[in-house]
Every structure is written in structure tokens, then in C-alpha cells.
Amino acid sequence: MPAIYPIRVLVVFLWGVGFGLLTLCASAGAQSVPPPAVSTVPVSSREVTDTAVFIGRVVAINKVDVVARVQGFIEQRYFTEGQQVKTGDLLFRIEQATYKAAVEQQTANLAKAKASEVNAALQLQRGRELVRTQNIPQSTVDQRAADEGVAQAEVMVAQAALDQAEINFAYTEIHSPIDGRIGLANFTEGNLVGPTSGSLATIVSQDPIYVIFQASERDVLDYKRRLAAAADGNNHVVVHVRLPHGSIYALPGLTNFLDIQVGNTTDTVAVRAKFANPDGVLVPGGFVSVVVERGAPRAALVVPQSAVQLDQAGRYVLVVDASSKVELRRITTGAEQGTDIVVTEGLKSGEQIIVQGIQKVRVGQVVTATPAAGH
């Protein structure tokens, strides 16, 4: 029995040593884990302009369906589908032999008519000389005068027929009436075409180009109110286009037309803006977002859109405070400004917002914050 107590003391001693080692290791491990690293950007203030966004359709200023004005077989096509063409460029040639022969025939008819006119004029001149000597009656002279008038009319008819033949011959070559981009050819070489064949191809102009969008009656009233208050009397509004992949088209446009009536079914008014389109980025028929500026620029706080989070309670951002702890801040946002978004409530200028590493931190945690690249 006396030998049992030393064993118990030894066990208790060993357990205490082991617990102490575990506690020491845990403490050392906790001290060795550094705070998570995050990237931050400061809340900044910059000039922003209130905007409204509409859905618009890109429309060509000029659109021409190329048609044949005379009947015949297509002899040759002179363009590549999709290429840029200039006014006057030759597009199609219709077989010309028949129309060339018609020109030659009408040229001969005109020469014949002119010869008859000359003969009628000579006969009238002789008749007038003979009537003075009473060798022919006056009625004969009158008839010869009438014959000369008929001959002159026949010359005019022959000249008109020749003009028409030359016009038809010219129509065998089909030229581009506008500058623009030409689409698919609906007929190939060897096909018989004519005025009833429909469009041979379509040409649309691309630079400049229109964007038409529908604005509410309220937006139009606000626009007119701003015009009345403007000191410079400028009646154009600057608009921007957001392309389908999200970027803003580099060249701004100006409104140049406001429809004269409100749509019965939509309660909107058609507005048209004109854009330069030298590279053909805006394609006729496409849909784009139209961003319209409302009023003068003003100072506002902005943060990157990537920093804004959303939960059931609304939008929020994670702020790194002066003690390097993470704080959740509820915010109220305004309009988007490119990759940034306007913040109307909840933040102050200069506060550090987490933009990278949001998923690996929690509220109240100490973090190591470094400026994000480019800031």
C-alpha cells in the first residue's frame, strides 16, 4: 500500500507537464498566425454627373436598297460583300448589247429625221420663191410649211427616243448612290433581274450614325425645364452609349431630334442622338444602353463597385478602421460611374475600403491592410 502514493504523484506530475506543453504549443501557434492581408482603397470625392439610362437602337442615317432599273442578265459584280463603298462606285453591270443596239438604232432614226427636216425646209423655201411668181398656189406653200413642222416634231421625237435609249443603256451599270457598307448580294452573275426583282443588295451609311431611344414624358419635361434655365441657350443634350459588353463608347453624341408626339401605347417620346462612328463600332440595328447626362457635374463620394456587397439587409462595405479592425458599414448608393459607384450615405472621404480579401475576414478581426494596385 505505501508504494501506491509515489506512483500517483508521478502520474499527476506527468499529466501536469503534458498539459503545460500543450498549452505552450497552442499559445505559440496562436502567436505565429499573422493577421490576414487585405487590399484597400480610400473613399474618394470627385466630380460626377447624374445620369439616366435608356435602351436605344442604332439606326443608319442613310439606307439604300440597290435595284435594277432595266431588265437583263447580270454580267458582272464589282464589290465584295461587307466592304465599304463610295458614292459612284460600280456595283453591278447588266448585259449591254441589247441596249447598245437600241442607242445605235435611235441615233440612226434621229439622223433620218434631221435629214427629212432639212428637205422639208428646202421645199418650203422653194415654194415661197415660186409663189411670188405665181408658179404654184399658196396652198402648196402652206402644205410645205406644215410638212416642215412635222419634220421638226419628228426630230424631237427621235431625239427623245435616243435620250431614253441612252438612259436605259446607262442603267445597265448600277453605281452606289451613297457612301456606306454594302451587305449580301441577293443575286449572282447570270441571273435575270429587272425593276420587279427587288433589292440586289443593301447599303447602309455608318459614319455618322443615329441612336434612337424612348424617353418618358417626365424626362422630356425635365429636359425642357433645364433648357429654359440654361444661360447659353444650348438645346442639345450630351449622351453616351454603353456597348453590349459593358464599356462606354469613346465618342459622345448629341441629341438632334425630339419627336412631336407621345406614343399612345408607351407614353414615351422618341429621342434621336447623332454619333461619330469612324471605326464602325456602332452597327445599324443593334441595341445599346443610352446614358443621358442630367444637370451639371457635382462633387460626390465614390467607391469601386467590386467593394460593394449585398445581403438581405441591403448594401454594405467592409471598412478598416484606425486600429486595423474590420468594420461593416451599411451604405446608400447612387448612379454608377464606370467601375465606381456613388455613395450618398454611410461613408466619409478618406476611409479605407476593402476591395480584395473580403472573403477571408470577419467583422472585428485585425487585418494587415495594403493599398490596392493603382491606388
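The values are calculated or read from the model by the stated rules, or taken from the named source; none is laboratory data. Bear in mind the structure is a predicted one, so any value in this text is a computation, not a measurement. Counting neighbours? That spans all protein chains shown, and the Cβs are built from the backbone with ideal geometry, glycine included.
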**Q.** Only listed residue being over 30 Å from Gly280 (Cβ atoms) and either in contact (Cβ under 8 Å) with a residue 60 or more places away in the chain or among the hydrophobic types (A, V, I, L, M, F, W, C) (or both), chosen from Ala151, Ala215
**A.** Ala151
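Residues are listed down the side, and each one gets a yes or a no for (1) surrounded by fewer than 16 Cβ atoms within 10 Å (Cβ to Cβ); (2) of a type in the set (S, T, N, Q); (3) farther than 26 Å from Thr196 by Cα; (4) over 26 Å from the mean Cα position of the chain (by Cα):
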{"position": "Ala60", "(1), (2), (3), (4)": "no, no, no, no"}
{"position": "Gln76", "(1), (2), (3), (4)": "yes, yes, no, yes"}
{"position": "Glu81", "(1), (2), (3), (4)": "yes, no, no, no"}
{"position": "Lys86", "(1), (2), (3), (4)": "yes, no, no, no"}
{"position": "Glu104", "(1), (2), (3), (4)": "yes, no, yes, yes"}
{"position": "Asn109", "(1), (2), (3), (4)": "no, yes, yes, yes"}
Q | Residues (in contact with a helix residue (DSSP H, G or I) (Cβ under 9 Å, 6 or more places away or on another chain) and among the polar types (S, T, N, Q)) located in segment 136-174 | A | Gln138, Thr140, Gln143, Gln152, Gln159, Gln164, Asn168, Thr172
**Q.** Tally, over segment 122-173, of residues that are within 30 Å of Phe79 (Cα to Cα) and either touching a His at 6+ places or on another chain (Cβ under 8 Å) or not small (Gly, Ala, Ser) (or both)
**A.** 9
Q: Filter segment 330-356 down to residues that are crowded, with 19+ Cβ neighbours inside 10 Å and more than 24 Å from Arg298 (Cα to Cα) and give me whichever is modelled with the highest pLDDT.
A: Ile354
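Which ones in segment 314-339 are of a type in the set (S, T, N, Q) and under 18 Å from Gly357 (Cβ atoms)?
Ser323, Ser324
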Q. Do the conditions hold for Thr133, that is, is it surrounded by 13 or more Cβ atoms within 10 Å (Cβ to Cβ), of a type in the set (S, T, N, Q) and either more than 30 Å from Tyr249 (Cα to Cα) or in contact (Cβ under 8 Å) with a residue 60 or more places away in the chain (or both)?
A. no
(Q) List the residue pairs whose Cβ atoms are under 6 Å apart, where the first residue sits in segment 335-356 and is in the same structural domain as Ala322 (by TED's automatic domain parsing), the second is in a loop (DSSP other than H, G, I, E, B) and modelled with pLDDT under 85, and the two are 6 or more positions apart or on different chains. (A) Val355/Ala372
(Q) I'm checking my understanding of the structure. Among residues of segment 180-190 that are surrounded by 12 or more Cβ atoms within 10 Å (Cβ to Cβ) and of a type outside the set (A, V, I, L, M, F, W, C), which one is nearest to Gln83 (Cα to Cα)? (A) Arg181
